[in-house]
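Step one of this worksheet: look at the structure below.
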Amino acid sequence: MQLVSCEVVDDDYVNVSAEAEQQREPIISPTCPSDSSRPLHKGYLDFVSDYIDSISSILRPISLKIHDNPELNFKEYIAHATLTAFLSTRKGWTVTPSAYGLETAFIAEYDSGKKGPVVSFNAEYDALTGIGHSCGHNLIAICSVGAALAAGAAMTELSLPGKVILFGTPAEEGGGGKIKLLDAGAYSDHKVDINLISHPGNVHAAALVRTNAYVNFRVEYFGKEAHAAASPWEGINALDGLITGYNALSVLRQQTMPGDIIQGHITDGGIAPNIIHAYAAGIFVVRALTKKRLAVLRAKVVKCFEAGAEASGARLVITPLMGYDDHVPNKVLGGVCRTAFNQLGGAIPTAELDLIYGATKASTDQGNISYAMPSLSLSFQIDSEVGPHNPGFAKAARTRQAHNAALKAGKALAVTGLEILASEDLLKAAKEEFKNISDE
């Protein structure tokens, strides 16, 4: 098997056409720049494409079954049963249902029998309340399943060492299933080196997807009831505390940084207009570009609520509910994925534009994975007039076009995994980049 060039190319200065790249003599470089697109091993893309095409007719009914039976956080029973049953039929795969104490999580493993890197993929399959698979998680599921199976088959066919792991990760939509698996040791127990996933959208395809860090929490004020007309001085108005804190947030917003987002709503605003309210509460969300910035912004938000307590005399209780880290894409992995995706007919631009197109204010528990190991979340486009978290997107996620787009993304992810299995230098570069990011 011929190894195509991994020559140093810096996208800041050099624009190498695909035709010129094909004509170049093979060169093996011990290091590759983290922000360049990368030539691929000859044959990987063809093998993966043929393999995934061969199981397309099997994957589509799985996608439709998940789509047509939307299930919420940690209750994805049909999706879990469908996926684990199918994977159990694949030769060489070991499947563990209800893994790590999570009823709808699973782990599927393919071992080459030779010591080497461990490449992993995450599958999502939960839905949203009332609007079903309006985030296209049925597509994420078959993308990762197809990618994992193709990588496993190629590993045997091409005599590559290592393992391929497919994690079934429930409850991305606010439940943090990946975080629970991470904390339980699922990734460390399997000695995972890299992790790959995808997400559909109605935006430009991007390999270097970045998401916001976020945290949400319940804010409660406890005061003392009194008659609002007869003896208001005897009361402590919890609602005044909450409103004072809420208004303080509005003042804070004029001095927040680009990328900072503060959201919230009042869930309990009192029970009658003629009493001093003994209880008031709300749910609030804080987002920022990075988890480091999020910590700074959250501290300022908390001071706003503390000001409400100080002004009203009500007792303040803040209860954390859920939080996701920002997703930090690994540029080494992104360079490989971008090349593979574009050779399949995609049009992801150079690394600098890739980072711009890949930026989103949304959040995902894949962000926590990116702080634990080199991670990539490939964004692929499906035909939809609206974006995710809209009923129209759920309809689009069921189409044949969306199915084909998901499989193309799966092919790119599979090739990315194979390149890591085949190159110690590439894996080392990905890990070195990750180390530098995690040390910041």
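Values quoted throughout were computed directly from the atomic coordinates according to the rules given, and no laboratory measurement underlies them. Quick caveat: nothing in here was measured; it's all calculated off a predicted structure. Neighbour counts run over all protein chains shown; Cβ positions are idealised from the backbone, glycine included.
Residue pairs, Cβ under 7 Å, 6 or more apart or interchain, first in region 300-320 and within 8 Å of residue 221 (Cβ to Cβ), second part of a strand (DSSP E or B) and β-branched (Val, Ile, Thr). List them.
Once the first residue is within 8 Å of residue 221 (Cβ to Cβ) and sits in region 300-320, its partners that are part of a strand (DSSP E or B) and β-branched (Val, Ile, Thr) give 312/236; 314/236.
In region 249-280, what count of residues is obtained for those that are within 27 Å of residue 229 (Cα to Cα), touching a residue at least 24 places away in the same chain (Cβ under 8 Å) and not in a strand (DSSP E or B)?
6
Scanning region 252-289 for residues that are charged (D, E, K, R) and surrounded by 13 or more Cβ atoms within 10 Å (Cβ to Cβ), which turns out nearest to the chain's Cα centre (by Cα)?
Step one: filter region 252-289 for residues charged (D, E, K, R), giving 253, 260, 268, 287.
Then drop every residue that is not surrounded by 13 or more Cβ atoms within 10 Å (Cβ to Cβ), which leaves 260, 268, 287.
Working: 260: 19, 268: 32, 287: 15 Å.
Per the stated criteria, the residue is 287.
When you go through (1) aliphatic (A, V, I, L, M); (2) closer than 15 Å to residue 186 by Cβ; (3) more than 23 Å from the chain's Cα centre (by Cα) one by one for residue 105, which number turns out not to apply?
Failing condition for residue 105: (3).
Looking at 331, 303, 292, which is the one that is out of contact with any strand residue (DSSP E or B) (no Cβ under 6 Å at 6 or more places or on another chain), among the charged types (D, E, K, R) and surrounded by 19 or more Cβ atoms within 10 Å (Cβ to Cβ)?
331 is the lone residue from the list that is out of contact with any strand residue (DSSP E or B) (no Cβ under 6 Å at 6 or more places or on another chain), among the charged types (D, E, K, R) and surrounded by 19 or more Cβ atoms within 10 Å (Cβ to Cβ).
Any residue at all in region 85-97 that's more than 22 Å from residue 54 (Cα to Cα), surrounded by 19 or more Cβ atoms within 10 Å (Cβ to Cβ) and among the polar types (S, T, N, Q)?
The answer is no; no qualifying residue exists.
When the residues of region 397-440 are narrowed to those that are in contact (Cβ under 8 Å) with a residue 24 or more places away in the chain and of a type in the set (Ser, Thr, Tyr), which ends up surrounded by the most Cβ atoms within 10 Å (Cβ to Cβ)?
Selected residue: 416.
Can you find a residue that is over 30 Å from residue 203 (Cβ atoms), not acidic (Asp, Glu) and not in a loop (DSSP other than H, G, I, E, B) anywhere in region 123-143? I'd like the intermediate steps shown before the answer.
Taking region 123-143 as the starting set, the residues that turn out to be over 30 Å from residue 203 (Cβ atoms) are none.
No, every residue in region 123-143 fails to be over 30 Å from residue 203 (Cβ atoms), not acidic (Asp, Glu) and not in a loop (DSSP other than H, G, I, E, B).
Can you name the number of the only condition in (1) in a helix (DSSP H, G or I); (2) of a type in the set (Gly, Ala, Ser); (3) surrounded by fewer than 17 Cβ atoms within 10 Å (Cβ to Cβ) that residue 394 fails?
The failed condition is (3).
Counting only residues that are touching a strand residue (DSSP E or B) at 6+ places or on another chain (Cβ under 6 Å) and among the aliphatic types (A, V, I, L, M), how many does region 156-170 have?
Total satisfying the criteria: 3.
Being assigned to a loop (DSSP other than H, G, I, E, B) and closer than 17 Å to residue 206 by Cβ is the filter here; which residues of region 361-373 pass it?
Of the residues in region 361-373, the ones assigned to a loop (DSSP other than H, G, I, E, B) are 361-365, 371-373.
Listed by number, the residues that qualify are 361, 362, 363, 364.
Search region 134-148 for residues that are in contact (Cβ under 8 Å) with a residue 12 or more places away in the chain and pair each with any residue that is aromatic (Phe, Trp, Tyr) and assigned to a loop (DSSP other than H, G, I, E, B) when their beta-carbon atoms are under 8 Å apart and the residues are at least 6 apart or on different chains.
Matching pairs, first to second residue: 137/125; 138/125; 140/125; 141/125.
List the number of the failed condition for residue 341; all other conditions in (1) surrounded by 24 or more Cβ atoms within 10 Å (Cβ to Cβ); (2) in contact with a Ser or Thr (Cβ under 8 Å, 6 or more places away or on another chain); (3) closer than 11 Å to residue 207 by Cα hold.
That leaves (2) as the condition not met.
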